[in-house]
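Below is one structure, written out as structure tokens; comments come after it.
Taken together, the values in this text are just the output of simple stated rules run on the coordinates, not laboratory data. Quick caveat: nothing in here was measured; it's all calculated off a predicted structure. No Cβ is skipped: glycine too gets one built from the backbone with ideal geometry, and neighbour counts run over all protein chains shown.
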Amino acid sequence: MSDPLKLGLAGLGTVGISALQRLLAKENTLAVKAGRTIKVKAITARSRNKDRGVDLSQFQWFDDPVAMAKSPDIDVFVELIGGDSGPAEEAVRTALMAGKHVVTANKALLAKHGNELARLAEENNVSLNFEAAVAGGIPVIKSMRESLASNEISRVYGILNGTCNYILTKMEDEGLSFDACLSEAQRLGYAEADPTFDIEGYDTAHKLAILTSIAFGSEIEANSIFVEGITSITQTDISAADDLGFRIKLLGVAMKTDTGIEQRVHPTMVPKESAIAQISDVTNAVAIEGDAVGSITLSGPGAGGDATASAVIADIVDIARGLQIIPLGRATEALEPYERARMRAHEGGYYIRLRVTDKPGVFASIAKRMAEQAISLESIVQKKPRHKSDPKSAVSANRDMPQDLVLITYMTTEKAVRAAIEAIEKDGHIVAPPQVIRIERL
């Protein structure tokens, strides 16, 4: 059997401790599967004396992750610190330049610096593995980069954030408001004390940027993603989706088009019978459309210590086996510059909810504004708010009985929809912020 593979583990949070415990508990099993022993030799974290339920005295302690990244006593630097800059970025760069393999779960770091870090790995002939950075325990990176290498991928989309999926599932199942479901998610540990990164869609966007690069052979470009979160979703939207045969999910969608790559993150109405609509609670799912395999969907736990640690250890085992894969699926010099697709008509149409004054002529005025933008309407439905538990859906006492007007459009563009709504607002008919949700007829 070969010499042991020596690890330096940076970060002892939920994922770091889970990875450490599993590496210790499964040492013999992993040695058989990898063909060599895998040993944690060094560790680093912000606090040395914190009780983490593991005896850390057997490992070399480093106060500075950068110093550990340069240590001749490790072969692999495992980065579980987090953050798109600071110690995580500096330590990963240092490790790669020192000829160390790197395993990371840091999607923010990859979304911001992935192109350069991949180049450093190639120049120093080492691995940069990041299965755990996207969709937790689901092997989506390996599937796209390796198993589907012969496929020309046309679209990849999915539920990439468990916090948002939990909230939307609970809103549908229990009829509770967004705020009530968010509070429950925080109580259960599914959402952070400051949940902004998750509920505003940024976490999903970082993961989507990584998937997009591997799917289409382009440079990672997170700054060109249209991002919209779920904070504006109300029970009126949930019930309207149900009436129309849809469920609302926060999707990350990337498509290859004739004019470039389209990347977007936003709430989406998906048909109830679709595979993606069946994904509930904190589960993640990624659908991949390729010219050889057609459409496949991978689903499973998208977060959590054990699930994420499982992906981290899988990357370590690959290195122990001597498997070295180009980080982004092709050499960085062969990556195509990212070109953002031009705006085009959205084939699925749009759901538009307007809270309007209940006065004669309002319907006709709204229909006229839609027609001015060449928007064809599939249906117009007047809905009375049904969920008093949702303050965003409640009728304002300061208005003369405003009503929710739900419009479903045929294929049209985002630009046309926004222009029509702007004109309607200027007409003075809307008494609350409008809601616009894309419909994906998957």
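Structure values in brief
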item	result
Sum of side-chain charges, Val76 neighbourhood, beta-carbon under 11 Å (Lys, Arg +1; Asp, Glu -1)	0
From phi via Karplus (6.51, -1.76, 1.60), per-residue ³J(HN,Hα) for region 183-194 in Hz, x at Gly/Pro	4, 5, 4, 5, 4, 7, x, 7, 10, 6, 4, 9
Cα pair distances of region 92-198 binned at 10 Å [whole percent]	13, 31, 28, 20, 8, 1
Highest-MSF residue in the chain out of Pro139, Pro327, Pro337 [GNM, Cα springs under 10 Å]	Pro337
Exceeding the 32 Å Cα-Cα cut-off - candidates Lys70/Lys256; Lys112/Lys256; Lys50/Lys249; Lys207/Lys415; Lys112/Lys142; Lys26/Lys112	Lys70/Lys256; Lys50/Lys249; Lys26/Lys112
The chain: antiparallel DSSP beta bridges as a percent of all, rounded to 5	65 percent
Euclidean distance between Cα centres, region 94-157 to region 424-438, Å	42 Å
Hz values of 3J(HN,Hα) by residue in region 31-48 - Karplus curve (6.51, -1.76, 1.60), Gly and Pro given as x	4, 5, 6, 8, x, 7, 6, 10, 10, 7, 9, 9, 9, 8, 7, 5, 10, 7
Acute angle (nearest 10 degrees) that the helix 305-320 long axis makes with the longest principal axis of the chain, alpha-carbon atoms	50 degrees
Quotient of Cα Rg and 2.2 N^0.38 Å for the chain, N being how many residues it contains	1.09
Rg/Rg_ref, region 141-301, where Rg_ref = 2.2 N^0.38 Å and atoms are Cα	1.04
